[in-house]
There are 2 protein chains.
Amino acid sequence: MKYREMEKDALAAELSGLNAKYVSLREAGFKLDLSRGKPGADQLELSMPMFDALGSSDAMLAENGFDCRNYGLLEGIPEARRLMADILEADPEEVLVGGNSSLNLMHDCVSIGFIHGYPGGNGGWHKADKVKFICPAPGYDRHFSIAEHFGFELVAVPMLSGGPDMDAVEQLVRDPAVKGVWCVPKYSNPSGVTFSDETVRRMAGLSPAAGDFRIFWDNAYAVHDLYPEKPDVLLNLPDELKKTGKQDMALIFTSTAKITFPGGGISAMCASPANISWLKKHYSYQTICFDKINMLRHAKFLPDLAAVKEHMKKHAAILAPKFAAVLNTLESELGGLGVASWNSPNGGYFISLDVMDGCAKRVVALCKDAGVTLTGAGATFPYGIDRHDANIRLAPTFATPDEVEKAAELLCLCVRIAAAEKELAGR
Amino acid sequence: MKYREMEKDALAAELSGLNAKYVSLREAGFKLDLSRGKPGADQLELSMPMFDALGSSDAMLAENGFDCRNYGLLEGIPEARRLMADILEADPEEVLVGGNSSLNLMHDCVSIGFIHGYPGGNGGWHKADKVKFICPAPGYDRHFSIAEHFGFELVAVPMLSGGPDMDAVEQLVRDPAVKGVWCVPKYSNPSGVTFSDETVRRMAGLSPAAGDFRIFWDNAYAVHDLYPEKPDVLLNLPDELKKTGKQDMALIFTSTAKITFPGGGISAMCASPANISWLKKHYSYQTICFDKINMLRHAKFLPDLAAVKEHMKKHAAILAPKFAAVLNTLESELGGLGVASWNSPNGGYFISLDVMDGCAKRVVALCKDAGVTLTGAGATFPYGIDRHDANIRLAPTFATPDEVEKAAELLCLCVRIAAAEKELAGR
């Protein structure tokens with residue numbers, strides 16, 4: 001029965017029982033963590049053979065004969081460009097392979113905008129009175145933080161079931177101060193949403209007032225399907241941009257952070273020839289080249305997209321039970337109570353839980369006191385402000401399945417407590 | 001006999017003979033290169049055992065137990081911080097280990113200044129009407145290019161035998177627009193100069209008008225002695241800064257690019273606690289961490305400074321004969337003619353050759369026509385302008401000893417031709 005339909009006395013009794021259970025669980029001294037979007041140790045083991053891909057007796061030559069041990073090839077070695085292009089369904093010629101962090105590439109691209117601007121604009125954004133970035137929310141806190149750190153104004157738009165509210169985005173880009181929009185188009189962080197075909201087409205058709213407006217398309221979870229037999233399918237943005245003739249409007253990113261090693265993988269960006277040329281020019285002042293040895297190691301370990309897909313099935317086999325543990329617990333403990341809703345993502349690293357308005361902070365605090373760490377309430381919104389105080393990001397990947405289940409049970413208990421408290425307070 | 005003391009007819013005969021030799025050598029169709037400050041393939045072989053330092057059966061744990069395969073530790077793993085601190089004679093707590101490129105760290109540090117400024121200043125330098133950087137010249141073109149790319153004004157000061165002209169530097173920093181000075185303090189690129197104790201002390205005692213003025217101290221060749229038994233000794237800047245109480249005034253950089261692999265090594269920066277805290281704060285928006293796996297690989301291969309020094313002796317054994325080939329040829333072909341001067345560095349990657357004023361471009365062009373590529377004349381000066389048109393940077397490391405000798409012979413011939421031409425034109 002839904003809490004809001006329960007009699008006051010019954011609900012008070014329910015809360016009393018929940019609190020008693022909470023006290024006893026808190027005494028158990030859990031130390032559990034659902035806050036970290038990190039692969040677990042078992043996932044890291046999957047890529048250990050890569051450490052044998054290059055040994056002291058191997059030639060360290062790229063397929064074009066280039067010695068990966070010396071300076072050169074700012075754009076990356078051909079086989080790594082092809083690998084990352086395959087993951088992004090892009091043309092290798094439009095791909096630049098970077099270092100160990102796609103976040104760093106995104107930061108660099110914002111920085112290049114701030115300092116120098118982009119083709120089609122009027123120079124560095126630092127000269128503008130105001131710069132705004134569109135932030136579909138809930139979204140990835142590190143994206144929002146980059147833009148905020150540059151002093152830009154963050155403009156939230158709602159994430160809907162098919163991606164960002166495109167009516168709002170189309171309206172906002174009429175403002176010449178709007179220079180960018182952050183997107184995680186597949187298995188979005190944290191909502192798990194994959195942008196619908198219509199959303200991608202409307203993105204590709206945007207008519208921004210700013211000629212140097214860019215879509216920052218972080219395709220971090222391009223091959224990160226939880227159920228490889230029924231993956232979400234994302235419409236290819238570069239193809240759609242070619243149709244609208246607006247190829248220069250997007251900068252596309254990905255990495256192997258959650259394919260091989262977080263912080264030890266390779267990253268890539270894909271863009272139109274005009275953008276790639278612009279980025280290469282600016283990067284040529286910043287560095288001589290990225291780490292080609294690690295590119296070669298990756299390309300040997302994952303020679304083609306088929307190898308990547310086989311590898312990702314092993315990740316899925318580890319991750320799917322953890323996601324199922326959370327989702328089953330949410331369903332069994334919260335289903336039918338009318339106190340929370342959540343998504344069942346087909347991939348990515350997160351489950352997005354919406355509790356009753358005004359309850360997220362309370363839930364996170366209750367969990368913390370009982371030894372379960374969650375991502376801070378509000379973290380998925382610009383400036384950390386969720387005006388509904390409802391969204392909680394759950395990251396079930398790092399903990400063991402047993403820990404995940406225990407943490408989910410305690411979480412559900414806290415969600416019910418906070419909901420019952422709120423419902424009673426309103427009577 | 002010096003060219004300027006030769007009779008006109010004798011000098012004309014000399015030039016005629018030189019030209020005949022040049023024509024015959026040009027026909028030999030050389031393809032030689034003294035332009036690239038890159039290690040040769042034989043040097044790269046020295047670090048090949050590093051590829052066996054980490055295999056699939058190894059635990060990938062740092063000495064503090066941290067899993068190097070996952071996110072975290074923005075400042076780097078302890079053993080890599082210690083290694084880089086030992087190379088820099090610094091405190092590991094004041095060292096941050098970066099990615100594959102110290103140039104990128106330097107660029108980031110300039111970028112942080114441009115966007116946010118530094119403690120002691122008035123915010124981002126982009127808000128200032130004018131920003132100036134002091135460029136001791138001849139110097140490293142990539143340093144100068146970074147500052148120029150940010151729109152800063154480059155102010156050249158002469159490199160003297162003990163380092164930059166400190167009278168000029170002390171005078172210039174009275175200008176609040178001066179925010180930085182570039183330094184390669186040991187085996188400077190290209191002059192091979194190691195800053196004298198007095199220079200280091202005067203650097204540490206600078207009293208800049210700008211509170212956020214920083215010394216960009218690129219100690220790229222800290223352990224790169226050509227003759228390990230008689231290395232240049234650089235006074236330790238952090239120690240001197242502690243004496244003057246101006247610890248925040250310097251940002252110090254190095255990398256293993258020319259210890260292990262260019263573009264495949266690890267980099268580091270060293271700074272005061274206030275600067276490190278400032279840099280870490282800004283880096284935390286840019287990336288989650290640098291590549292700890294490559295740090296671990298380096299720390300296993302080079303566990304301490306003694307291992308580094310042994311390793312660098314092997315580099316020296318390869319490089320010293322190449323430097324000797326150039327220097328011996330310069331001495332035998334140009335000695336006593338009064339047409340050129342050069343240094344005999346005890347380390348680093350370059351020999352700096354000064355030909356007669358107005359002759360550098362001519363020499364580089366003559367060499368090019370005969371198949372010997374040199375660094376462009378002027379490249380070692382701000383804006384690429386050597387107003388004496390005299391300096392040529394020679395990089396003898398990448399070619400084989402035989403190639404180096406052939407190239408040096410042809411170079412000397414071209415220096416003599418240009419000098420004789422000039423001398424005759426003035427009669």
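Using a 1.4 angstrom probe on protein heavy atoms only, which residues from the range B:98-113 are buried by at least 10 Å² of accessible area when all chains are present rather than their own chain alone?
Those are B:Asn100, B:Ser101, B:Leu103, B:Asn104, B:His107, B:Ser111, which lose 10 Å² or more relative to the chain on its own.
At B:Ala59, with labels set 7 Å past Cα in the Cβ direction, how many nm apart are the copies from this one, shortest first?
Once sorted, the set of distances for B:Ala59 reads 3.8 nm.
Find which of B:Ala317, B:Ser16, B:Leu54 sits farthest along the positive direction of the dipole of chain B, computed with +1 on the beta-carbon of Lys and Arg, -1 on that of Asp and Glu, about the Cα centre.
B:Ser16
Would you jot down the residues in the range A:146-168 that end up with at least 30 Å² less accessible area in the complete protein assembly than in the chain alone, with a 1.4 Å probe?
Residues losing area: A:His149.
Find the accessible area per residue for chain A; the probe is 1.4 Å, ligands and nucleic acids are left out, and the unit is Å².
36
Residue by residue, what Karplus-based ³J(HN,Hα) values in Hz, rounded to whole numbers, does the range B:331-342 have, using 6.51, -1.76 and 1.60 with θ = phi - 60° and x for Gly and Pro?
After applying 6.51 cos²θ - 1.76 cosθ + 1.60, I find 5, 6, 8, 10, x, x, 8, x, 10, 6, 9, 7 Hz.
What does the charge dipole of chain A about its Cα centre add up to, to the nearest 20 debye, if the Cβ of each Lys and Arg holds +1 and the Cβ of each Asp and Glu holds -1?
The calculation lands at about 660 debye.
State the extension gain, in nm to one decimal, for the chain segment bounded by B:Ser284 and B:Leu305, taking 0.36 nm per residue of separation less the distance between their alpha-carbons.
Roughly 4.6 nm would be gained on extension.
Between the range A:33-48 and the range A:363-418, how many Å separate their Cα centres?
19
Apply 1/(1 + (r/R0)^6) to the Cβ-Cβ distance of A:Ser56 and A:Asn236, taking R0 = 30 Å, and write down the FRET efficiency to the nearest 0.05.
0.15
Run the label-point distances for B:Ser207 please: 7 Å along Cα to Cβ, every other copy, nanometres, shortest first.
In ascending order, 6.3 nm.
So how much accessible area does A:Lys179 have, in Å² to the nearest 10, using a 1.4 Å probe?
Roll a 1.4 Å probe over it and A:Lys179 shows about 20 Å².
Take the alpha-carbon centre of the range A:134-205, take the same for the range A:61-123, and report the distance between them in whole Å.
Cα centroid of the range A:134-205 versus Cα centroid of the range A:61-123: 23 Å apart.
List the accessible area buried at the contact between A and B, summed over both sides and calculated with a 1.4 Å probe, in Å² to the nearest 100. Before the final figure, lay out the partial values.
Working: alone 17680 and 17730 Å², together 30660 Å².
Buried area (both sides, nearest 100 Å²): 4800 Å².
What is the average number of partner chain Cβ atoms found within 10 Å of a Cβ in A:386-392?
0
Direction-averaged shadow area of the convex hull around the Cα atoms of chain A, nm²?
Numbers: hull surface 86.4 nm².
Spelled out: convex hull of the Cα atoms, projected over all directions, averaged, 21.6 nm².
Just to verify a number: FRET efficiency for B:Lys243 and A:Ala324, C-beta to C-beta distance, R0 = 60 Å, to 0.05?
0.40
Quick check for me: using +1 on Lys/Arg Cβ and -1 on Asp/Glu Cβ, what's the dipole size of the range A:329-427 about its Cα centre, in debye to the nearest 20? Spell out each step's value before the answer.
Working: 9 positive and 13 negative charges, 65 e Å.
Taking the Cα centre of the range A:329-427 as origin, the dipole is about 320 debye.
Near A:Lys313, which lysines are there with a Cα under 22 Å away, not counting those fewer than 8 places off in the same chain?
Qualifying lysines at Cα under 22 Å: A:Lys38, A:Lys186, A:Lys230, A:Lys258, A:Lys300, A:Lys322.
Calculate the dipole size of the protein assembly as shown relative to its Cα centre from +1 charges on Lys and Arg beta carbons and -1 charges on Asp and Glu beta carbons; express the result in debye to the nearest 20.
Roughly 920 debye for the protein assembly as shown.
At 1.4 Å probe size, with no ligands or nucleic acids counted, give the accessible surface of A:Leu319 in Å², nearest ten.
10
Can you pull the three principal axis extents for the Cα set of the range B:62-303, in Å, largest first?
Extents along the principal axes, in whole Å: 50, 46, 32.
Of the accessible area of the protein assembly as shown, with the probe set at 1.4 angstrom, what percent is carbon plus sulfur? Show your work: numbers first, answer last.
Numbers: 15180 of 30660 Å².
So the carbon and sulfur contribution to the accessible surface is 50 percent.
Ranking request for peptides B:298-309, B:229-240: highest mean number of other beta-carbon atoms within 10 Å first, then the rest in descending order.
So the peptides B:298-309, B:229-240, ranked by packing, come out B:298-309, B:229-240.
Could you please put A:Ser272, B:Ser161 in sequence from largest to smallest accessible area, using a 1.4 Å probe?
Ranking A:Ser272, B:Ser161 by accessible area, largest first, yields B:Ser161, A:Ser272.
Can you pull a Stokes-Einstein diffusion coefficient for the protein assembly as shown at 25 °C (0.890 mPa s), Rh from Kirkwood over Cα pairs, as a whole number of µm²/s?
Working: Rh = 29.4 Å.
After rounding, the answer is 83 µm²/s.
Kindly give the distances from A:Arg387 to its copy-mates, label point to label point, with each label point 7 Å from Cα along Cα→Cβ, as nm values to one decimal ordered shortest first.
So the label point of A:Arg387 gives 6.1 nm to the other copies.
Give me the one-decimal nm value for the distance between modelled label points at B:His388 and A:Glu63, 7 Å along each residue's Cα-to-Cβ direction.
So the label points at B:His388 and A:Glu63 sit 5.1 nm apart.
Using R₀ = 25 Å, calculate the FRET efficiency as 1/(1 + (r/R₀)^6) where r is the Cβ-Cβ separation of B:Thr373 and B:Arg4; round to 0.05.
Details: r = 30 Å, r/R0 = 1.19.
Efficiency, from the Cβ-Cβ distance: 0.25.
If you line up the Cα atoms of the range B:118-221 on their principal axes, what length do they span on each, largest first, in Å?
37, 27, 20
The values are calculated or read from the model by the stated rules, or taken from the named source; none is laboratory data. Because the structure is predicted, anything quoted here is derived from the model rather than measured. Glycine also receives a Cβ, built like all others from the backbone with ideal geometry; neighbour counts cover every protein chain displayed. All accessible areas refer to the heavy atoms of the entire protein, side chains included, with ligands and DNA or RNA removed. Shrake-Rupley method; radii C 1.70, N 1.55, O 1.52, S 1.80 Å.
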